[in-house]
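Here's the structure, in structure tokens; my notes come after.
The values are calculated or read from the model by the stated rules, or taken from the named source; none is laboratory data. The shown structure was predicted, so the numbers you read here are calculated from the model rather than taken from an experiment. Ideal geometry is used to build each Cβ from the backbone, glycine not excepted, and the neighbour counts take in all protein chains shown. With ligands, DNA and RNA removed, areas are computed over all heavy atoms of the protein, side chains included. Shrake-Rupley method; radii C 1.70, N 1.55, O 1.52, S 1.80 Å.
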Amino acid sequence: MDVPIKDSVYLDSVYVKEEFRGSSLGTKLIKEFESWTREMRYKKMYIGVFSKNEKAIELYKKLGFTENTT
């Protein structure tokens, strides 16, 4: 993914171990990432995810992220 460097931050991926899935841990991690991003005054944030990882994509969309494919 070609990410603009200035004023943006990129999280390569998030992995939640299977035994912790469904516990809202992924949501908490992403919300913490958003909070940190605002605190650091970044204007844009990007998260890398495999296109076949439908559960993660669904979570990111639910949290307000949009797809930016390249």
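Things to note:
- Restricting segment 11-41 to residues that are among the small types (Gly, Ala, Ser) and either assigned to a helix (DSSP H, G or I) or touching a Pro at 6+ places or on another chain (Cβ under 9 Å) (or both), the residue that is surrounded by the fewest Cβ atoms within 10 Å (Cβ to Cβ): Ser35
- Of all residues in segment 43-53, none are on the phi > 0 side of the Ramachandran plot and among the basic types (Lys, Arg).
- Filtered residues of segment 24-49 (kept if in contact with a helix residue (DSSP H, G or I) (Cβ under 8 Å, 6 or more places away or on another chain) and farther than 19 Å from Asp7 by Cβ): Gly26, Thr27, Ile30, Val49
- Within the option set Lys55, Lys44, being open to solvent by 100 Å² or more (accessible area, probe 1.4 Å) and in contact (Cβ under 8 Å) with a residue 40 or more places away in the chain holds for one residue only, Lys44.
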